[in-house]
1. Using a cut-off of 10 Å between beta-carbons, work out the net charge of the residues near Q180 (Lys and Arg +1, Asp and Glu -1, Q180 not included).
2. Counting only residues 5 or more places away or on other chains, whose amide H sits under 5 Å from the amide H of D247 once H atoms are built in the peptide plane?
3. Taking amide H positions as placed in the peptide plane 1.01 Å from N, state which residues far from K190 in sequence (5 or more) or on other chains have amide H under 5 Å from it.
4. Given 0.36 nm per residue, what is the gain on full extension from I319 to D307 after removing their alpha carbon distance, in nm?
5. Can you give the relative contact order of the stretch 123-355 as a percent, counting alpha carbon pairs under 8 Å and 6+ residues apart?
6. Fully extended, how many nm does the chain gain between F288 and E272 (0.36 nm per residue separation, minus their Cα-Cα distance)?
Amino acid sequence: MRNVFSVLSALINSSLIEVIQKVGRTGVPTCPVSEYETNGTGTEKDFFPTTVRAFFPAPSKGLRTMQRNRHHVNYQHVFKQILSLLLRQKRISVLLPLLALLMVSNFTLAQLPLLESYPVMDSVIRYPVRQESLMVLCKKKISERHITFVGVRGMDNVLLVAVTLEPIANVNKDISLTVQFTGINPKPGKVETWGYVYDRNHDGKIDYLSLLGGAAPFWANDVPEYFPGRGVAMDMDQMEMFVSHSDLVFNHWADDNYDGKLDGVIHVDMFEERDWVKRRLMVRSSKFNDEYDDITSFRKRPGDLEDTIEVNESGVPYIPIGKPKEEINKKMFEEKTAILDLLNKAVVSCNLSKKLRGVPITKREEQ
Ligand SMILES: [Ca+2]
């Protein structure tokens, strides 16, 4: 029995996460907390992801307060401390099931469906890596398109991919991870056709895309209802509000049954009378049969909005940035699946199957 303790102790002292990674490739992620959650308005549900809550249901008040003061909750650290404590007390009967649970949770976390994956992926976008750290991992030309896989200097994993008609001269200059402005108007960088990509089930294929959709201000509770509509002049305070609420817009596409076909999307929907993002629409086929039966809307996090959604037989109408009303429907899913297909072909020819990220470990990426 002493051997068991010493081996476990050594493993934990070196790195618990490395041990888990050997079993499931990705460790328990450092769960990022968005501004929404750190400003105290989020609920515990927002704060603790489902799978973490499942075996860590009631964090002490002190722990929660400590974590609220940080941008990132480091669950790795918390688990490590708990395990160290159990080891010191030689509570092997508690320790082994906990280790098993960690491994199981690691497995399920890697395979969260769209709506549960979204908050983690969204945090990566909110807290991007340093702009100048981007580097090209591989370039391929397929079907007249230049596909550029981009990583971060010092790491060999894929961070994002761009699909362009012309080759990209300089990824650090041409791809902007943060919003740019012309006057007070938000805009993306020079290259607008890129997105973050993930392989949640570690089968070597991309199954989740966060595609750049433009740049716009996001409506929030602090914006007054009387805020000027499109074409109406803004005063200085209103301009400041317009700028401060502006950000890059990403639409999230997921293949939740890992068959290579996209089956769910979280897409922005603009106001009809204002150039602001009104809400995000989630449209998903829960049976993976092109019937969109799982439809909801929210602003920052699922569950934060109660409103009505127009649903047609063919799909869900929405207003894109700067364009008239369109529809999220089977045709749109097929178009995006064609892009996914193209990207996965490029992954193979670039030999990057093992370099795709699972559920992101945000803290590591930010370093
Ligand atoms: Ca699918």
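1. Values: positive: K187, K190; negative: none.
Around Q180, the charge tally is +2.
2. A216, F218
3. When sequence neighbours closer than 5 places are left aside, the close amide H contacts are S176.
4. Values: separation 12, 0.36 × 12 = 4.32 nm, distance 1.58 nm.
The span from I319 to D307 would gain 2.7 nm if fully extended.
5. Details: 441 pairs, mean separation 34.3, N = 233.
After rounding, I find 15 percent.
6. Working: separation 16, 0.36 × 16 = 5.76 nm, distance 3.09 nm.
2.7 nm is the gain from fully extending F288 to E272.
Where a number appears in this text, it was derived from the coordinates with a stated rule and is not lab data. From a predicted model like this one, the values you see are computed outputs, not experimental measurements. For neighbour counting, all protein chains shown are included, and Cβ atoms are generated from backbone atoms with ideal geometry for every residue, glycine included.
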